[in-house]
Structures are given as structure tokens and as C-alpha cells.
1. Under 5 Å between amide hydrogens, which residues at least 5 positions from Arg226 or on another chain qualify, with H placed 1.01 Å from N in the peptide plane?
2. Compute the angle between helix 158-178 and the longest alpha-carbon principal axis of the chain, please, reported from 0 to 90 degrees and rounded to the nearest 10.
3. Once all Cα-Cα distances of the chain are split into 5 Å bins that start at 0, what whole-number percent is in each one?
4. Using helices alone, I'd like the mean residue ellipticity at 222 nm for the chain: each DSSP H run of four-plus residues gives -39500 (n - 2.57), total over residue count, nearest 500.
5. Given H placed on each backbone N at 1.01 Å, which residues far from Leu260 in sequence or on other chains put an amide H within less than 5 Å of it?
6. Where the convex hull is taken over the Cα atoms of region 49-131, what is its projected area averaged over directions, in nm²?
7. For the chain, calculate the relative contact order in percent as a whole number, restricting contacts to Cα pairs under 8 Å that are 6 or more residues apart.
8. Please state the charge dipole magnitude for region 180-270, taken about the Cα centre, from unit charges on C-beta atoms (+1 on K and R, -1 on D and E), reported in debye and rounded to the nearest 20.
Amino acid sequence: MMSGQRPAAELAGRRALVTGAGRGIGEAVVAALAGRGARVLATDLDGDAVAEVAGRHPEGQVLSRPLDVTDTAAVEALVADAEETAGPLDIAVNVAGVLRTSPAVDLSDEDWSATFAVNTDGVFHVSRSVARRMVRRGGGSIVTVASNAAGIPRMGMAAYAASKAATAMFTKCLGLEVAAHGVRCNTVCPGSTLTAMQRGMWEAAGAGDTGAAARSVVEGDLAAHRTGIPLGRIADPADIAEAVAFLASDRARHITLHDLYVDGGATLRA
């Protein structure tokens, strides 16, 4: 269900926190939630970028704050302040993520640690903070944007894939523990998506022609043991955001501990 057909105001009265909201998928998630009536606190390490995102929405609909998700004290302070000033959070979406590519045998300690600090520790910090409060209130929805790399090996992406797999399993374990309190925890697992991260991978690989690079992703690479995309296109950030908005809504009220793959069939759900 795309933007012109979304259920009007289905999230009216809800309050949402989105990390990694300064660009790409995070920015699209902010638009999807706000477009359904939610009031959104958009956060990002890049405070200027997330302020620009907020400025593109009606006044008061989207607020922005800089946030380093690797800093547990900063996360706790932001969540506490948000709930005190704006009201209880009904939805939290973990989008903040980094990608460091390298063959596993050449991967540096710094790249490994930095990847897990954001992709795994950051999700833990945010999810723990909001879940504690949601449990006390008896409801809420936490959605984490992981990756289809969490479920299938990728060459040159050992740290990223491992961090996303850890995050997906953490989200399931959290969801199991808080289900009795009415809190749902799910992941959305994108495949290749037209974001700055995707373009950065192409540039790092020396691809001068992004069109050719995109075609190679769609077609697959047998030498890299990578399937193509059966649907024949790379995802747009809005494709991922629509899945997030669905899982955050009451339409998904009986869905928890679920990985929703949004990759055009690329992993063949292996």
C-alpha cells in the first residue's frame, strides 16, 4: 500500500521515536508515520540533517534532536525527556546503522567494534529504554530495521551481517519477554535500497556508472554467490517505510517476533 492509498490518520494520537532519521530509510519512516497522523521525534547523529527533515513537515508534527545511539546515557536522557515533555512513546523505530565493508580476514578491530556499536548496541540502548516504559503502560510497538544480510551470508559484509543478525535475534528475545505486557517487537529486513549507504558501496567498489551498478545488483553476481532481485528493481526507501508503518499500526496487532523481508525476493528467504 503506497503513500496515496495509506489509511488516513491511522496513527493519529500516537507518538513515535525514530533513530537514523536524517536521510534514507529513516527519513522515509518519519514521512510514513507523520503522514498517518503520528507525532514524531526524529533523531540522528547529524543534528542539522534531522532538523532539515523536521522542517519539511507541518509545524509541530515532527520534532528533531541529535542523538548518538552508542551513548547509553544520552539515549536514556532523550527518551526520559521526550516522555516528560511530549508524552508517552507508543512507537519506536530503530533505523540508525553503519556499514563497513571488508573481507573478514582483513577486517579491523575498529571497523568491527564501530559496526556493532551502532547496529547492535544502539538498538539495545534504544529498545531497552523505551521497552521499560511501554511495559509499565501495557502496550507499544518497537520496529527495528535490520537487513536481509542478517539471514544470508554476504561476501565483504561479515561485520554488517553479523551485527544485523545479532540485532534481529535480540529483538525477538525482547519481544518474547514483553509480549505479555502488550508490547510488540518486529524487524524489517531490507535488501538493496537506493540510499546513500548503497551508493557508497558502489563508489567503494569503483563503480563509475551507478546505472550499471544498479543493474548488476538486480541481475546478481554468481562469482560473489549473490542472487539477483526477482522483482527486477532496487527498493526505494518508501518501500521499507511502508512495511515499518504497517508493523507499527494496529493492522499488525497480532504480529510480533517477526522478520519482514522487503528485498524483492533477493534472498529467496534462505
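1. Asp221
2. Roughly 30 degrees between the two axes.
3. Per 5 Å bin, starting at zero, the Cα-Cα P(r) for the chain comes out as 1, 6, 13, 18, 20, 17, 12, 7, 4, 1, 0 percent.
4. Details: 9 runs with 110 residues, N = 270.
It comes out at -12500 deg cm²/dmol, rounded to the nearest 500.
5. Thr187, Val188, Cys189
6. Details: hull surface 26.2 nm².
In nm², the orientation-averaged hull projection of region 49-131 is 6.6.
7. Details: 543 pairs, mean separation 49.6, N = 270.
Relative contact order of the chain: 18 percent.
8. Values: 8 positive and 10 negative charges, 54 e Å.
Magnitude of the dipole: close to 260 debye.
Readers should treat all values here as calculations from the given coordinates under stated rules, not as data from a laboratory. From a predicted model like this one, the values you see are computed outputs, not experimental measurements. So basically every Cβ, Gly included, is an ideal-geometry build from the backbone, and we count neighbours across all protein chains shown.
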